[in-house]
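Enquirer: Have a look at this one before I ask anything.
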Amino acid sequence: MAGPSTTLIIIIENEPQIRRLVRATMETEHYAVTEATTGTQGLMEVGTHRPDLLIMDLGLPDMDGIDVIQDIRSWSNLPILILSARTNEACKVKALNVGADDYLTKPFGTPELLARVRALLRRSARAHADDVPFVRFGDVEVNLILRTVTRNGEVVHLTSIEYRLLTQLITNAERVLTCSSLLRDVWGPVHTDKINSLRTHMYSLRHKLEDDPNAPKHILTASGVGYRLVLS
């Protein structure tokens with residue numbers, strides 16, 4: 001499962017030299033990095049991997065970065081840092097207004113880049129921690145700050161998809177989440193047909209977290225609709 005040492009950053013940048021520089025800079029902090037060279041590819045990577053932070057250029061070969069930001073903001077609060085050669089104030093204001101969290105112009109210094117990345121990750125971590133830092137149900141305890149899951153005091157190893165499903169259920173505890181909303185929020189908007197995969201991962205979650213996965217008390221199915229988490 002995801003953890004502090006596996007913070008994932010996606011870079012959308014079509015200039016190879018800039019992409020290599022940003023990747024090398026992020027890897028000095030032991031962040032995991034995935035790259036994309038176009039807006040379309042970047043959207044697929046973000047939807048598939050659900051990173052902790054996105055670093056992107058606005059001048060992409062297939063679409064404007066503004067459109068990428070707007071697409072992501074329609075379904076995710078992922079922190080977005082813009083790296084762009086566009087120095088015009090109007091461009092900066094537009095990017096921030098449509099949902100970017102920070103804007104750094106090229107050329108840039110790597111110490112400032114790292115400082116801004118750390119600040120965005122800290123802000124994101126605090127926001128999630130303020131929501132629900134610890135959640136307990138049955139014998140299970142979830143620490144949303146450290147991204148750890150334990151059952152009867154023993155660490156439970158979840159896949160990244162299982163963990164994201166669990167956090168969606170926790171965030172919306174006691175509410176029924178439709179299959180389509182879970183697919184969109186966990187796999188991304190281009191993967192809403194993975195209903196069998198959703199069922200498989202829910203089955204696995206129950207086996208890892210329920211006393212009797214065939215008669216679950218907490219991860220329940222709303223027949224024909226979706227799933228809900230019961231905390232009591």
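Enquirer: Would a scan of the range 148-171 turn up a residue that is out of contact with any Leu (no Cβ under 8 Å at 6 or more places or on another chain), at pLDDT 90 or above and among the small types (G, A, S)?
Expert: yes
Enquirer: Looking at L146, is it out of contact with any strand residue (DSSP E or B) (no Cβ under 9 Å at 6 or more places or on another chain) and not polar (S, T, N, Q)?
Expert: yes
Enquirer: Sticking with this one: Of the residues D52, D102, only one is over 23 Å from W187 (Cβ atoms) and out of contact with any His (no Cβ under 9 Å at 6 or more places or on another chain); which? It would help to see each step written out before you state the result.
Expert: Numbers: D52 fails: over 23 Å from W187 (Cβ atoms).
Among D52, D102, only D102 is over 23 Å from W187 (Cβ atoms) and out of contact with any His (no Cβ under 9 Å at 6 or more places or on another chain).
Enquirer: Out of the residues in the range 185-205 meeting the condition of being charged (D, E, K, R) and surrounded by fewer than 19 Cβ atoms within 10 Å (Cβ to Cβ), tell me which one is nearest to N152 (Cα to Cα).
Expert: That would be R199.
Enquirer: Then there's this: Of the residues that make up the range 64-77, is at least one farther than 30 Å from D193 by Cα and in contact (Cβ under 8 Å) with a residue 40 or more places away in the chain? First the steps, then the outcome.
Expert: Here is the first cut: in the range 64-77, the ones farther than 30 Å from D193 by Cα are none.
No - not one qualifying residue is present in the range 64-77.
Enquirer: Can you pull out every residue in the range 5-20 that is part of a helix (DSSP H, G or I) and surrounded by fewer than 17 Cβ atoms within 10 Å (Cβ to Cβ)?
Expert: If the condition is that a residue be part of a helix (DSSP H, G or I) and surrounded by fewer than 17 Cβ atoms within 10 Å (Cβ to Cβ), then S5, T6, P16, Q17, R20 are the ones that fit.
Enquirer: Hey, can you tell me all the residues within the range 209-223 that are surrounded by fewer than 17 Cβ atoms within 10 Å (Cβ to Cβ) and among the charged types (D, E, K, R)?
Expert: Passing the criteria: D211, D212, K217.
Enquirer: Somewhere in the range 154-177, is a residue without any contact (Cβ under 8 Å) to a residue 12 or more places away in the chain and not in a helix (DSSP H, G or I)?
Expert: To start, the set of residues in the range 154-177 that are without any contact (Cβ under 8 Å) to a residue 12 or more places away in the chain comprises 154-155.
After this cut, where a residue has to be not in a helix (DSSP H, G or I) as well, the list is 154-155.
Yes, some residue in the range 154-177 is without any contact (Cβ under 8 Å) to a residue 12 or more places away in the chain and not in a helix (DSSP H, G or I).
Enquirer: For residues that are under 17 Å from the mean Cα position of the chain (by Cα) and closer than 13 Å to I55 by Cα, scanning just the range 109-123, find the one that is surrounded by the most Cβ atoms within 10 Å (Cβ to Cβ).
Expert: V117
Enquirer: Only one of these is closer than 24 Å to A115 by Cβ, at pLDDT 95 or above, of a type in the set (A, V, I, L, M, F, W, C) and crowded, with 16+ Cβ neighbours inside 10 Å: L60, L78, L54. Name it.
Expert: On the way: L60 fails: closer than 24 Å to A115 by Cβ; L78 fails: at pLDDT 95 or above.
L54 is the lone residue from the list that is closer than 24 Å to A115 by Cβ, at pLDDT 95 or above, of a type in the set (A, V, I, L, M, F, W, C) and crowded, with 16+ Cβ neighbours inside 10 Å.
The values are calculated or read from the model by the stated rules, or taken from the named source; none is laboratory data. None of the values given here were measured: they were computed from a predicted structure. Please note: Cβ atoms are built from the backbone with ideal geometry, for glycine as well, and neighbour counts cover all protein chains shown.
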